[in-house]
Number of protein chains: 2
Amino acid sequence: MRFLAEVVISLKPVVNDPQGLTVRAGLHQLGFAEVSEVRVGKHIALEVEGDSEAGVRRRVAEMCERLLRNPVIEDYRIELREGGSR
Amino acid sequence: MRFLAEVVISLKPVVNDPQGLTVRAGLHQLGFAEVSEVRVGKHIALEVEGDSEAGVRRRVAEMCERLLRNPVIEDYRIELREGGSR
C-alpha cells in the first residue's frame with residue numbers, strides 16, 4: 001500500500017526563531033496587527049510504500065531520527081494517511 | 001479569541017524540487033528504499049487574535065497572498081484551530 005506521510009519539523013519552543021520574528025515584523029508592517037507569534041518550520045511530504053500504517057509510521061519516525069530533524073534544536077510530528085498524492 | 005493557524009507552503013506540483021530530490025537520495029542511501037517521492041515545503045505557525053474562525057481564516061489567506069507565499073511557484077493550505085499554543 002502507498003501512504004502519504006507529512007512530517008512537520010519545528011524549532012523547539014526554547015530555540016530562538018529569527019525567521020519567524022522577521023515574518024511577524026513583515027506582517028505587522030502590512031497591518032496584520034492581530035498576529036502575536038510566528039514560528040517557521042519545515043514541511044516534508046513523503047510517498048512511502050508499506051504494509052501497515054503502524055509499520056510506515058515507525059519507519060518515518062526512524063527517517064526523522066536519522067536524517068530529517070536536528071535533535072538538538074528541532075521537534076517533529078508525523079501525519080499519515082493511505083493513498084499518496086497520485 | 002486566540003487561534004492557532006498552521007500554514008503549509010508547498011511547491012506547485014509542476015515545479016522542480018531539488019531539495020526534495022536530495023532528501024530522497026539521502027533516505028535511499030540510508031536504506032529507506034520504500035520512499036518514492038519527497039517534496040519539501042515550509043510550515044508557518046501563527047498565533048492570531050480574532051472574533052470568528054471564518055474571519056481569521058480570511059485574514060490568514062490574505063497574509064498568504066500578500067507576504068507568505070510566492071504565487072508563481074507555491075501553493076498554500078491553512079489549518080485553523082481555537083486555542084493557540086499557550
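The values are calculated or read from the model by the stated rules, or taken from the named source; none is laboratory data. Not measured: the values here are computed from a predicted model. With ideal geometry, Cβ positions are generated from the backbone for all residues, glycine too; neighbour counts draw on all protein chains shown. In case anyone asks, the SASA skips ligands and DNA or RNA and just uses the protein heavy atoms, side chains included. Shrake-Rupley method; radii C 1.70, N 1.55, O 1.52, S 1.80 Å.
Quickly run through region B:40-61 and pick out the residues that are acidic (Asp, Glu) and either within 8 Å of chain A (Cβ to nearest Cβ) or in contact with a Ser or Thr (Cβ under 7 Å, 6 or more places away or on another chain) (or both). Within region B:40-61, B:Glu47, B:Glu49 qualify. Of all the residues in region A:27-86, those that are over 27 Å from B:Arg2 (Cα atoms), open to solvent by 50 Å² or more (accessible area, probe 1.4 Å) and in contact with a Lys or Arg (Cβ under 8 Å, 6 or more places away or on another chain) number 2. For B:Gly20, the requirement of being touching a strand residue (DSSP E or B) at 6+ places or on another chain (Cβ under 6 Å), open to solvent by less than 50 Å² (accessible area, probe 1.4 Å) and at pLDDT below 95 is not met.
Here B:Glu6 fulfils each of the conditions (1) more than 9 Å from chain A (Cβ to nearest Cβ); (2) among the acidic types (Asp, Glu); (3) assigned to a strand (DSSP E or B) apart from (1). The criterion of being of a type outside the set (Gly, Ala, Ser), farther than 17 Å from B:Ala5 by Cα and open to solvent by 50 Å² or more (accessible area, probe 1.4 Å) does not hold for A:Pro13. Please indicate, with yes or no, whether at least one residue in region B:65-80 is at the interface with chain A (Cβ under 10 Å from one of its Cβ atoms), touching a residue at least 40 places away in the same chain (Cβ under 8 Å) and outside any strand (DSSP E or B). Yes: region B:65-80 contains one or more residues that are at the interface with chain A (Cβ under 10 Å from one of its Cβ atoms), touching a residue at least 40 places away in the same chain (Cβ under 8 Å) and outside any strand (DSSP E or B).
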